[in-house]
1. Net charge near ASN465: determine it from the other residues with C-beta under 15 Å of the C-beta of ASN465, scoring Lys and Arg +1 and Asp and Glu -1.
2. When 1/r is averaged over all different Cα pairs and the result inverted, which Kirkwood radius in Å belongs to segment 239-316?
3. May I ask for the angle, rounded to the nearest 10°, between helix 492-509 and the longest principal axis of the chain, with both axes built from Cα atoms and the value confined to 0 to 90°?
4. Shape call for segment 169-244 from the C-alpha gyration tensor, a ≥ b ≥ c root eigenvalues: rounded (a/c under 1.5), prolate (a/b greater than b/c) or oblate?
5. Using modelled backbone amide H atoms (1.01 Å from N, in-plane), which distant-in-sequence or interchain residues come within less than 5 Å of ALA409's amide H?
6. Give me the one-decimal nm value for the distance between modelled label points at GLU277 and ARG349, 7 Å along each residue's Cα-to-Cβ direction.
7. For the chain, what does the relative contact order come out to in percent, with C-alpha contacts under 8 Å and a separation of six or more?
8. Would you mind estimating how fast segment 355-494 diffuses translationally, via Stokes-Einstein at 4 °C and 1.567 mPa s with the Kirkwood radius over Cα pairs, in µm²/s?
Amino acid sequence: MKLISTTLTLVLAASLFTQAQNKRSIQVTVNDSTIEKRDTVPGKPVVTYHQVTVDGKTISYKATAGYMPMHDKDDNKLLAKIFYVAYTATNSGQPKEKRPVTFVFNGGPGSASIWLHMGAISPVRVKFADDKGDAPGAPYEYGENPNTWLAFTDLVFIDPVSTGYSRAYKGVDVNQFHGYNEDLASVGDFIRLYITKDERWASPKFIAGESYGTTRAAGLSGYLADRYNIYLNGITLISSVLNFQLIDFKNGNDMPYIYFLPTYANTASYYHKLSPELESLTPAELTKKSEIFANGMYSRFLSLGDQAPADLTNLVIDSLNYFTGIPKDYIRKANERITDFRFFKEVLRDEGKIVGRYDSRFSGEDSDDAGEYPSYDPSDANLNGLFVGAFNAYVRKDLNYRNDIPYEAVTNVWPWSYKNTENAYLDVSETLRGAMTQNPHLKVNMVCGYYDLATPVYNAEYVINHMGLRPDLRGNIIVNYYKAGHMVYVSKETDEKLKADAEVFYKSALK
């Protein structure tokens, strides 16, 4: 999930969502139950048994909810406890050690795995008000997920330290978990421990991450191989951010203006702010058409800086107006550079509305029609009440898990350390390239939403084109596009497509 662009040091942090309850009937066998407190030694995970129907077939599965204790590698001191929920099919017809297992997390940094857990991949899903993905009024509900990936892989949802129910122990400095490298070490060690304790070393291994979770996933592709000799079969990168320079609107960095433009165009088209000619195009067609301008004339104009001639400047202003619907006078005053937050505010200013960052198809009224920046994200607020409450109800009622500390769907983990990338932008595409080179069987599934204004669709194309992969390895990357935003799965149609595309990807990765 979620991603917030800020300064060079970093970029991401997601928002909060809250409450739901389900009245489905499901057979549950309870083996254990516990109430966890912050500084107690983790109790035994809770195990329950359930069923879900996918494509007309009944999948019986075991759900395990609880903590994985994390110890100091030198003195075995307890450092933290990482909360997870695992789903293991019990009637797949495959031996457990041969069935794929996928480790799933969201991003932030500072986000729990609740979004992919309750929105897309697990056997349960929050109930939206409509097929688009609007949240209903409270009280909320959840139900079986007919698009669960449990149909083709076992699942483990991980909440990194400080998120969800995961916590460092009293007296332990949380900064040893709050950083790019520190996070890779703790999540990587969790994965090693899980496949050891659950006897999954022989299983095909996959990772699925969203937003900053794609940064973590790419980093783990190298870390797991280098540190533990754990080689992955596949990685799914949902709304990826692998090169932070592409999303950081900062003086002297013109790249985001180029790579956000196609998403600006699709957003403006969605709200009928463009010409009939452009609005007749599909999102894919409009993306390609706007890319030609963005990577051609506009890129050349930006490279000239203050030396850009007047005739070229006027052509650029006309073209930006053509592709964004933003008034020419505003574009000129903005120095022909429209930042993301200005676009959120400006594209619907004449209607007194702002558009969402995570999903620009969602709009809302702002408190200050004359303001320069939006006061909130309508696509974020749309779901705030839904996910957290759904999870809190589900984990207690269906999984029989109790915990008296707050479930931190998104929490403040700043300062987040990037100590190896000071005075530079974090770029994990090189780590991914190295992992793919050393393990030529590794496959990558990139998931991109046309209305994602947090990690725009054109960014993925840039990253792939600059990884330095030879054609045979380049073929190991597939890119799937969706008429959706950052959380591509909130809409019914795109959630179905996400599952179908993932199943095809897993089959190809297991050949």
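All of the numbers you see were taken from the coordinates with simple rules; none came from a lab. Bear in mind that the values here come from a model prediction, so they are computed numbers and not experimental data. Using ideal geometry, Cβ is built from the backbone for each residue, glycine included, and neighbour counts are taken over all protein chains shown.
1. Here the count lands on 0.
2. Working: mean 1/r = 0.0729 Å⁻¹.
After inverting the mean inverse Cα-Cα distance, the result is 13.7 Å.
3. 70
4. It is oblate, given that a/c is not under 1.5 and a/b is not larger than b/c.
5. GLY164
6. Result: 2.6 nm between the two label points.
7. Details: 1125 pairs, mean separation 114.4, N = 511.
Reported as a whole number, the value is 22 percent.
8. Details: Rh = 18.7 Å.
Using the Kirkwood radius from Cα pairs, D works out to 69 µm²/s.
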